[in-house]
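Take a look at the structure below.
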Amino acid sequence: MVVNWNRRELLRSCLQSLASQTHPSFEVIVIDNGSDDQSSELVKTLEPDYPVRLSLVCNRINRGFCAANNQGFAASDSEFVALLNNDAEADPGWLTALESVIRSDERVGMAASKILVWEDPARIDKAGHLMYPDGQNRGRGTGQVDQGQFDRVEETLWPDGCAAMYRRAMLDEIGGFDEEFFAYADDAELGLRGRIAGWTCLFAPQAVVRHHRGATLGLGSARRLTLIERNRVLLAVKLFPWNLLWLNGVYYAIRLGAGLWAALRNRGELRRYSGTTGKLSAAMALIKGTVTALPLIPSMLRKRRAFQPHHRLTPGQIRRLLLRHRITLREISEQAT
C-alpha cells in the first residue's frame, strides 16, 4: 500500500520500484489524500500496463497517514500487508525478504525494513525502532554509516511505517492505525499495541528501501515537530504502564535539557531550525504539541481501558520491553530524525 499526498513524481518512482519486485504474487493499492497535482491521474495512466493489479482509492481531502492506511487495510484481504511511503523506493527483493521473516513464526506480527537515506544510501535512515522512556521514538541506527552492523535477522521494537509489513491476523485482533494521531508516531503506537498483545517484530536486513527524508512536511517544519511532540504524549498516555507513565515528565525534562545542550553545539533535531527565530519557532512548536495533546487525553484513556482485554504482557513486562529497546539520551539528543 502506498499513501500519497501531492508528491506525483516521487509517487512515480515509488510505483516503478514496486513494479520491479521479484515477489511472484501481490497487488498495489494507492490511497490518494486529495492531491491537486494530478497524482491520481498518474496512477490511472500507469494502471493498464502495470505488471500487477494496481488500484486507486481517492479521498477528497487529506485524511492523514493513519486513516488512509486503514482504508488500504480494508481494501485488501491479503494475509500480509506491506506499507511503502510514496517518498521511498524499494529494492527488487524487498517484499520477498519481508515475507520470509514474517513467516518464520506465527507470532511475528510485524517485519521491519532496512531503510537507507536516498540522498546518501551508504547511511542508515532506520533499521527498526528504539524508544526513549518519555515516549519519543527514534530509528535504530539513524545516521550511522551502513557497515553491515545490522545485517542479521533479529528482534526490533517495531517497524518504521515508511516500509513495513504487518500480519493480517494481528491487525484483525488489535485494529489498525489510531486515526487521532493523523501522522507521525502512528507506527510506534500501532507497533507497541501489537507488542503488548503478544506479537513480536523482526528486522529483515535484505528488505532494503531508500527514503527521501522529510518529504511529507519537510524536516524543518514546525507542524511536523508539533505532531511528533503531541503524539509522543498521546502514545504514552494510551499505552505506557503506570509505573513508567508517572515518570514521563522527568524523562521529558531530561531529554529536553539534553536537546537544548546539543542545539547549542549545533547538533540534534533543533539544528534544523537556524538562528534565534528558528529556535524560537521550534520551541513554540514543542509547546504547542504538548498543549494540543491535552484535549485528546480523555480519548486516549478510554482507548487504554478498551484495549486492556488484549494485553498479553504485564505492566512489568511492557516496561522491561521498552527499556530493553531504549535509545540512549546522547543518541536521541544528538541525532536528527
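The values are calculated or read from the model by the stated rules, or taken from the named source; none is laboratory data. The structure displayed is predicted, hence computed values, not measured ones. Every residue, glycine among them, receives a Cβ derived from its backbone with ideal geometry; neighbour counts consider all protein chains shown. These area figures cover heavy atoms from the full protein model, side chains too; ligands, DNA and RNA do not enter into them. Shrake-Rupley method; radii C 1.70, N 1.55, O 1.52, S 1.80 Å.
Between R123 and L329, the simple spin-label model (points 7 angstrom out along Cα→Cβ) gives 2.6 nm. Here the label points at L313 and T277, each 7 Å from Cα along the C-beta direction, are separated by 4.4 nm in the simple model.
Angle of helix 297-307 to the longest C-alpha principal axis of the chain, folded into 0 to 90 degrees and rounded to 10: 60°. Would you mind getting the Kirkwood hydrodynamic radius of region 69-224 from its Cα pairs, rounded to one decimal in Å? Here the Kirkwood hydrodynamic radius works out to 15.5 Å. Taking 0.36 nm per residue of separation and subtracting the current Cα-Cα distance, fully stretching the chain between T22 and R53 would add 9.7 nm.
Only alpha carbons enter this Debye calculation for region 10-119, each as an equal point scatterer, and the log10 of I(q)/I(0) it gives at q = 0.17, 0.20, 0.24 Å⁻¹ is -0.89, -1.23, -1.61. When the solvent-accessible area of region 140-248 is split by element, carbon and sulfur atoms take up 53 percent of it, the probe being 1.4 Å. For the chain, the Kirkwood hydrodynamic radius comes to 20.2 Å, computed from all pairs of different C-alpha atoms.
Note on H129: accessible area approximately 10 square angstrom, rounded to 10, probe 1.4 Å, nucleic acids and ligands left out. Three semi-axes describe the equivalent ellipsoid of region 159-258; taken as square roots of 5 times the Cα gyration tensor eigenvalues and ordered largest first, they are 23, 21, 13 Å. Using just its DSSP H runs of length 4 or more, each adding -39500 (n - 2.57), the chain gives a mean residue ellipticity at 222 nm of -13000 deg cm²/dmol after division by all residues.
Around the amide H of S35, modelled in the peptide plane, lie the amide H atoms of N6, all under 5 Å away and 5 or more residues distant in sequence or on another chain. When the Gaussian network model of the chain links Cα atoms closer than 10 Å, the mean-square fluctuations of Y166, Y50, Y184 top out at Y50. Size check on region 28-88: the Cα extents along the three principal axes, sorted descending, read 32, 29, 21 Å. For L56, the amide hydrogen comes within under 5 Å of the amide hydrogens of V30, counting only partners 5 or more places away or on other chains and with H modelled in the peptide plane. Taking all protein chains as shown and a probe of 1.4 angstrom, F150 keeps an accessible surface of around 30 Å². Computed from backbone phi with θ = phi - 60° and the Karplus coefficients 6.51, -1.76 and 1.60, the 3J(HN,Hα) list for region 25-41 is 8, 7, 10, 10, 10, 9, 10, 9, 8, x, 4, 10, 10, 6, 4, 4, 5 Hz; x is used for glycine and proline.
For the chain, the longest principal axis of the alpha carbon atoms and the long axis of helix 248-264 meet at an angle near 80°.
Evaluated with a Cβ-only charge set (Lys, Arg +1; Asp, Glu -1), the chain carries a dipole of roughly 1540 debye about its Cα centre, given to the nearest 20.
With the convex hull drawn over the C-alpha atoms of region 139-193, the volume per residue is 95 Å³. Sorting the Cα pairs of region 291-337 by distance into bins of 10 Å, from 0 upward, gives 20, 27, 40, 12 percent per bin. Partners of K238 within straight-line reach, counting lysines whose Cα lies under 24 Å from its Cα and excluding those fewer than 8 residues away in the same chain: K288, K303. Across region 310-323, computed HN-Hα scalar couplings (Karplus, 6.51 cos²θ - 1.76 cosθ + 1.60, θ = phi - 60°) run 8, 5, 10, 9, 6, x, x, 5, 5, 4, 5, 4, 5, 6 Hz from first to last residue, x flagging Gly and Pro.
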